[in-house]
Structures are given as structure tokens and as C-alpha cells.
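S.K.: Input: one structure, supplied below.
The values are calculated or read from the model by the stated rules, or taken from the named source; none is laboratory data. Since the structure is predicted, the reported quantities are computational estimates derived from the model, not experimental observations. Quick reminder, even Gly has a Cβ in these numbers, built from the backbone with ideal geometry, and neighbours come from all protein chains shown.
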Amino acid sequence: MKKHAIIPVFIPHIGCGHSCVFCNQNVITARSKAPSAEDVRNIIEQYLPTLSGRGLDTIEVAFFGGSFTGIPLEQQNDYLEVAYVYKKQGLIDKIHMSTRPDYIDRIILDNLSRFSVDTIELGVQSFDDEVLKICRRGHTADDVYTACELIKSYGIELGIQLMIGLPGDTKEKALRSAAEAAGIGPSLARLYPTVVLPDTRLAGMLREGSYTPLSEGEAVDITKEMYKILMNAHVNIMRVGLKSTDLMTNETDLGHGYHPAFRQLVESEICREQMEQLLEEQLRKKQSLGRAGGNNKDPDIQITFFSNEKWFSPMIGHKAANKNYFSEGYPEIEFAYKTDRALADGHLTAESKQQIIIE
């Protein structure tokens, strides 16, 4: 398994002239002042000793938190020059940033190429123009397609960020957004259920009753289906849900859309679906073998589920939810859980006592 580390440099809400209904960047980044070039250098210097000797394949400096290509060009270049020096020295491998789809053009990309920028993530959020309009994004789906095509034409790795549960969104729209993203062929993606932050228009809409957040179950269900679409398209899903460190928990309303282990909830559901299908197939296979003398009584059987090491925890389930689900739902069956390094991420197999393997 490849190992890679990110040195995060947070850029507050500068460079963006828009006020999306869900956005409060001061809460997201927990910062109000933009770092200086010297601050960027200090951050990198603080991280590098902690990463040494860990056998990492890739170390990235990533500019997160704001619309990087919307900040003044001179300030962009000050930051990039610092990162570029470390890249030329071989101390880091990649330069990574996030921005808006409408803040990408050939002039911007020509400049980023001067500093050997490797990855650009676009805050797409949705491919539905109605959702984008209600959320005051200030761009259309056509802007997304144009930006993605340009980024890929420069040989820069593309990332796409999507949100779940925005005003005006539906499950159908969300799944179409995932399918559109998969069709574009990004290298990576992030999926974020909407979290209602204080001092945002969305918080006001919630108070007014014009916005109803998804329940946890709804958010998991929609995200699970989006995840599968992207995973089947071989897109690296970097993150699902906000990290706890992305939020100032003493100021943020965490009651709507936030869960500290949201990714595990989603991946656990993906595993449970597969495990149920595999179990049904195993039982059908067993029944097809027939029983001598017309004996209709099912003997006790054993089923072993397999995943790779990375997906072993989701296979067991968040707080052992999957393990408990099967042991309680099928008390006549003895279940076991093992790893198989040959399996791909998100792909499970099952084996019965008779060594019948279903994939």
C-alpha cells in the first residue's frame, strides 16, 4: 500500500468574492489571517522532521481552505515559490491546492505550471445548475466542465469535491453529480455531507424552515451510492466527511450533518450490502448441492468473509455493527472475518465450509 503525507497550509477566506450559503471559512480553517511566505516555510520545516524515516512514497504541500487561484497573483507566487524550492530540493514530491471552477483559465494554469503544481482540486459541490444557483455558488456546471478539461490538458492531476444535502438537492441530483464527476475522470475526489455552520445563510434558512438537513441515515445512503459510482470508476476517494480538526467545535453546530466517523459509516454500509449478497449466494450454492433423504433441516454452517487489510474495519462495521448484524440475524450460522491481500479496496469475498468461493 502506498504511503503518502500531506503538509497542510490553510489559506483563509481570501481570494473568493462569493458568499455561498453554506460557507463560513473562518470556522472551517479556524484562522482569520493569511499566512506569510515565511509562515509557509515554517510550517513545512515543522512537518518535515516528523515525516523523515517513515518510508513515505509521496509528501505533498497542500494549500487548503480558500480559493487559491483567486488570491492576488503576487501572493500566490510568494507561496508557490516557497513550496517549489522544497520540491526542487527533493524534500517534497508534490504541490497541491484547492480552488473554484470559475477561477481557472489558461493564464492561471500557465503561472501554476511555472511552479510545477501537481494537483488542483475544484470545489464543484454539484453539477446541477439549480442547486448551484440556490447555494449562490456564482458559477454553472458548464464552468466546471471547462475548468476540468483545461486542468487535464495541462497534465495536472484533477480532484473534484462534491457536497451532499445542499438546498435544492435530491438523491437523484446527487447521484447524477457523482456520475458526471466519474465521467470526467478525476484522479481523486472528496465527498462532504453538508454541515450547517454558524453565521451562514444556510443557518438562517434552517431557522426559517426553508432548509431541512438530511438525517444521518439519508446522508449515509446517498453518500454510499456516490462513493460506489466513483470507486467503480477507479477514482481515489481521498476523504468522506469533515475531519474533527476542520471544525471549531466550541462554535460550530455539529447537530446537522456532522459525524466524526462518517467515512466508516459509509464504507460499513457498502460492506454490509456486499456481505448480504455474498451470504445469499453461498446459501443458494449450498442448497443446490441437495440433501440426501429429503432432509429439509439446514445443518449449522460456517461463512468466512474476506477483505483486504484497509477494508477490514469497515467489513466489521462501525462499532462492530456489521458483525453484530449478521450474528444476531443468522444465529444458525457461524461467521468469521479474515483478510486477503489480493483483494482490491472495497471488494469482499465469502467462503463457506465447503470451500465454495463467491466473488
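S.K.: Is at least one residue of the stretch 17-25 modelled with pLDDT under 95, within 26 Å of Leu162 (Cβ to Cβ) and assigned to a helix (DSSP H, G or I)?
M.R.: yes
S.K.: Right, another one. Only one of Ser153, Ser67 is over 25 Å from Lys33 (Cβ atoms) and of a type in the set (Ser, Thr, Tyr); which?
M.R.: The unique qualifying residue is Ser153.
S.K.: Within the stretch 164-218, count every residue that is among the polar types (S, T, N, Q) and exposed (fewer than 15 other Cβ atoms within 10 Å of the Cβ).
M.R.: Within the stretch 164-218, residues that are among the polar types (S, T, N, Q) and exposed (fewer than 15 other Cβ atoms within 10 Å of the Cβ) number 4.
S.K.: Residue check, Gly159 against (1) in a helix (DSSP H, G or I); (2) among the small types (Gly, Ala, Ser); (3) closer than 25 Å to Arg263 by Cβ; (4) in contact with a Leu (Cβ under 7 Å, 6 or more places away or on another chain), all met but one. Which one?
M.R.: Against the list (1) in a helix (DSSP H, G or I); (2) among the small types (Gly, Ala, Ser); (3) closer than 25 Å to Arg263 by Cβ; (4) in contact with a Leu (Cβ under 7 Å, 6 or more places away or on another chain), Gly159 comes up short only on (1).
Let's see how each residue does on (1) farther than 14 Å from Leu242 by Cβ; (2) outside any helix (DSSP H, G or I):
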| site | (1), (2) |
| --- | --- |
| Arg190 | no, yes |
| Val196 | no, yes |
| Met205 | yes, no |
| Thr212 | yes, yes |
| Ala219 | no, no |
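S.K.: Evaluate the following for Leu158: is it more than 30 Å from Ser215 (Cα to Cα) and at pLDDT 95 or above?
M.R.: Yes, satisfied.
S.K.: If you check Ala30, Ala5, which single one turns out to be of a type in the set (Gly, Ala, Ser), modelled with pLDDT under 80 and under 30 Å from Leu197 (Cα atoms)?
M.R.: Answer to the check: Ala30.
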